[in-house]
Amino acid sequence: MFKPNFKYTDKIVKNLTLISEARAIILNSPLIPKWEVSLRRDALIRSAHSSTAIEGNLLSLDEVTDLASGRDIMVRRKDKQEVLNYLEALEKIPVFAEKSPFLSKDILKIHKIVTKDTLDDPKDEGVFRNRQVIVGNKITGQVVFMPPPTEEVSNLTDEFFEWFNSTKVNEIDPVVEAGITHYELVRIHPFIDGNGRTARVMASIVLFKRGVDVKRFFALDDYYDKDRRAYYAALRTVDPKSVDITAWLEYFTNGVAVSIEAVRKKVIGLSKDIKALKDKGQIALTERQMKIVERMIEKKEITNRDVRDMFNISNRAALDELLKLVDMKVIKKTGEGRSVKYVLM
C-alpha cells in the first residue's frame, strides 16, 4: 500500500491551527444564504479561471464569469472548453465526495470531464496514459520531471486509492490529506494531459469531504496562480528517491491558510451589519426565501406585490413567505395599509 513520507513541522502545525480557527469563525458567523450562494459562486469562478490559467489558458476572469453565467464569448474554442469543463468538475465535487470507496474509475471520470473535447487525441480523455510523458520547460526544453514508467501507472494509482480509502487516512489532518493527494497524483502523472487540473479537483474533493471547505467558499487555485513559480518550485522540492513531501506540505497548508483567511474576512464583513442574525447565527432559508432576500439586498425593500409577481403566487402565499422571514427576524415590516413594505433587519 502507498505510504506518504512527511513529518509535521512547526510551519505545518501553525498553518493547520490558523485554518482551524478561521474555519470555526466561518461556520459560526451569522450569514444569510444569499451570501453563501454569492461566496460559493465567486470561489467557483476564480478556481476555474486560476486552475486553467496555470496551464496556459488565456481567458480573463471577466470572460470566465461570462461563461459561468451562460453567456457565449468570442474566444479560442479550446480555452472556452477548458473553462467550461473545469466549472463542471467543480460543480460535481459533492457527487464525487460521496464515492465510497473512491476508485481509479472515478478519477478517470473526473479526467474525462476536465479534458472533454480539448486534447489532440480524444482517445486520451478519461483513460490512463499509454505512453511515456515528460514534464519540461516549453521554452528551454529542460526536463523538469520524469514521471514513472507507463506500465506502472495503473498499479501506482490503485495503491494510492487503497490508502485513500483506508482507515489510516482518518489519522491524518484533512488538509494534509488533501496536500498528499494533490502531490501523489501529480507525481504519478497518470494522464497524457490534464494531470494538474485533475489533481487540484481531487484536493478540493478531500477538503469538501472532510469538512474543511464544506461550504466551498475558498479558491485554492488562486493561491497557486498568483505565484506559479512558487507553485512549481514547491512541487520540485520533493526528492525523487525519498519522496519526502514535507516542504510541499508546508507550501500547501500555507495556501489553504491564506485562502481560508480571505474567506473569513469576507464573511465577517458581510455579516456584521445584519443585527438580527447576531443571536441566531446562520439561518437556513428556502430557495424562494433566498430570492426574496436577494431582491431586498438589491432594491433595499420589497412589497407583497413584488413577491407575488416574482413567483406568480397568490396574495396569501406571498404574505406567508414574508411573515416567515419576519418571524425569523431577517426582515421587518414598515408602514401601514397599502404602504406596507419590508426591509432587512
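The values are calculated or read from the model by the stated rules, or taken from the named source; none is laboratory data. Computed from a predicted structure; not experimentally measured. Every residue, glycine as well, gets a Cβ built from its backbone with ideal geometry; the counts of neighbours run over all protein chains shown.
Evaluation of K341 against the conditions (1) basic (K, R); (2) at pLDDT below 90; (3) surrounded by 12 or more Cβ atoms within 10 Å (Cβ to Cβ) shows that the sole unmet condition is (2). A single member of T118, T65, T17 is of a type in the set (S, T, N, Q), modelled with pLDDT of 95 or more and under 23 Å from F218 (Cα atoms), and it is T17.
Which residue out of E162, E177, E171 is within 14 Å of S104 (Cα to Cα) and charged (D, E, K, R)? Just one listed residue meets the conditions, E162. When D124, D158, D120, D213 are checked against the criterion of being surrounded by 16 or more Cβ atoms within 10 Å (Cβ to Cβ), within 28 Å of E91 (Cβ to Cβ), among the acidic types (D, E) and over 17 Å from the mean Cα position of the chain (by Cα), a single residue qualifies: D124. Only a single item in (1) crowded, with 24+ Cβ neighbours inside 10 Å; (2) within 21 Å of P122 (Cα to Cα) is not met by D221, and it is number (2).
Return the total of residues in the range 305-345 being part of a helix (DSSP H, G or I) and closer than 19 Å to E287 by Cβ.
17
Are any residues in the range 69-94 farther than 17 Å from D106 by Cβ and acidic (D, E), and if so, which ones? Correct list: D72, D79, E82. Could we say that L59 is touching a residue at least 60 places away in the same chain (Cβ under 8 Å), in contact with an Asp or Glu (Cβ under 8 Å, 6 or more places away or on another chain) and not charged (D, E, K, R) here? For L59, the condition - touching a residue at least 60 places away in the same chain (Cβ under 8 Å), in contact with an Asp or Glu (Cβ under 8 Å, 6 or more places away or on another chain) and not charged (D, E, K, R) - is not met. Evaluation of S271 against the conditions (1) modelled with pLDDT of 80 or more; (2) of a type in the set (S, T, N, Q); (3) surrounded by 14 or more Cβ atoms within 10 Å (Cβ to Cβ) shows that the sole unmet condition is (1). Here Y232 meets each of (1) out of contact with any strand residue (DSSP E or B) (no Cβ under 9 Å at 6 or more places or on another chain); (2) surrounded by fewer than 18 Cβ atoms within 10 Å (Cβ to Cβ); (3) not in a loop (DSSP other than H, G, I, E, B) with one exception, condition (1).
Tell me yes or no: at least one residue of the range 127-141 is among the hydroxyl-bearing types (S, T, Y) and surrounded by 13 or more Cβ atoms within 10 Å (Cβ to Cβ). No, that holds for no residue. Among the candidates I172, I180, I188, the residue that is farther than 27 Å from G56 by Cα and either surrounded by 22 or more Cβ atoms within 10 Å (Cβ to Cβ) or among the β-branched types (V, I, T) (or both) is uniquely I172. Taken over the range 103-114, the residue count meeting the criterion of being in contact with a helix residue (DSSP H, G or I) (Cβ under 7 Å, 6 or more places away or on another chain) and either hydroxyl-bearing (S, T, Y) or surrounded by fewer than 20 Cβ atoms within 10 Å (Cβ to Cβ) (or both) is 3.
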